[in-house]
Amino acid sequence: MTGRQRVEQFLVRRLDASGTRRAPDEVIVEEPLAIHLDGTLVATTMRTPGHDFELAVGFCHTEGLLAGAPVTACRYCGPNGRAVDSDFNTVDVHTGGVAPPPARRLGTVSSSCGLCGSEALDGLAARLDPFLDPTPIDPAVLVAVPDAVRPHQELFARTGGVHAAALFDGAGTVLLVREDIGRHNAVDKVVGRLLLDGALPDRHRNPAAFGLFVSGRASLEMVQKCWAAGIPNLVSVSAPSSLAVTAARAANLTLAGFVRDGRATIYAP
């Protein structure tokens with residue numbers, strides 16, 4: 001669906017050295033999205049409306065819910081089958097029952113809602129093979145990525161209230177950008193677009209030199225999503241967590257943190 005409201009305007013008071021004045025200000029919209037897989041609710045996430053099918057499909061893929069099953073359809077739905085009754089805030093991803101029966105994920109997905117601890121790492125290693133000899137990306141390209149992505153962050157420029165995720169190639173060319181109030185949602189939107197286009201890299205066949213940029217910190221969940229998408233390079237403008245570093249090393253995935261102002265810290269492999 002197109003045309004969803006993504007920014008709302010409020011009358012605010014601005015304070016500066018010259019005093020106080022009233023002025024309009026744009027604020028990013030935040031609404032819940034209920035994600036179903038073959039009719040079963042698997043998660044509810046707070047997101048910025050737009051690219052909802054990508055978000056739902058990307059979430060199901062990066063959480064391992066599809067288990068390789070092809071997505072046959074993606075639809076808005078609601079009470080009595082009427083999408084308008086849910087204000088287009090419910091999406092059902094269909095595989096025709098080919099995907100394993102999903103278990104409902106309790107609670108609302110947040111920026112820190114991923115799996116935790118050694119059990120999480122064991123689970124990832126069980127379902128995702130490490131990258132084998134991924135094509136490296138020149139460090140000079142990695143440190144230039146944030147500046148390349150910035151002109152594409154239209155919602156951030158307007159509101160300052162969203163994260164960005166971007167796919168880039170080995171030359172640093174930005175191929176796809178998505179923005180969302182949740183950094184994990186922005187990543188899932190990128191992954192979902194790739195899956196729907198049949199363009200996910202194959203991590204079993206010497207992955208091409210693709211990377212994923214994230215505008216927030218590099219958590220375990222960010223590494224998980226990158227690993228599941230077959231993208232062997234993760235660039236973050238902020239810090240990684242210890243679990244993210246451990247997972248990236250287990251995946252043989254390049255993890256670069258504090259990538260800004262022409263500098264970076266490489267934590268893995």
Failed condition for Asp138, given (1) touching a Phe, Trp or Tyr at 6+ places or on another chain (Cβ under 9 Å); (2) under 27 Å from Gly262 (Cβ atoms); (3) modelled with pLDDT under 95, with all others met?
-> (1)
For Gly262, state whether it is over 16 Å from the mean Cα position of the chain (by Cα), at pLDDT below 95 and more than 22 Å from Ala125 (Cβ to Cβ).
-> yes
Flagged in region 64-97 as of a type outside the set (A, V, I, L, M, F, W, C), touching a residue at least 12 places away in the same chain (Cβ under 8 Å) and part of a loop (DSSP other than H, G, I, E, B), in numbering order, are Gly64, Pro70, Thr72, Gly78, Asp87, Asn89, Thr95, Gly96, Gly97
Taking Ser110 and the conditions (1) out of contact with any Lys or Arg (no Cβ under 9 Å at 6 or more places or on another chain); (2) surrounded by 13 or more Cβ atoms within 10 Å (Cβ to Cβ); (3) at pLDDT below 85; (4) farther than 17 Å from His61 by Cβ, which numbered condition does it fall short on, given that it satisfies the others?
-> (2)
Give the residue, chosen from Val98, Val29, that is in contact with a Pro (Cβ under 9 Å, 6 or more places away or on another chain), at negative phi and modelled with pLDDT of 95 or more.
-> Val98
For residues that are in contact with a Leu (Cβ under 9 Å, 6 or more places away or on another chain), of a type outside the set (D, E, K, R) and surrounded by fewer than 10 Cβ atoms within 10 Å (Cβ to Cβ), scanning just region 8-40, find the one that is nearest to Asp87 (Cα to Cα).
-> Pro24
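The values are calculated or read from the model by the stated rules, or taken from the named source; none is laboratory data. Every value quoted in this text rests on a predicted model; they were computed, and no experiment measured them. Note that each Cβ is placed from the backbone with ideal geometry, even for glycine, and that neighbours are counted across all protein chains shown.
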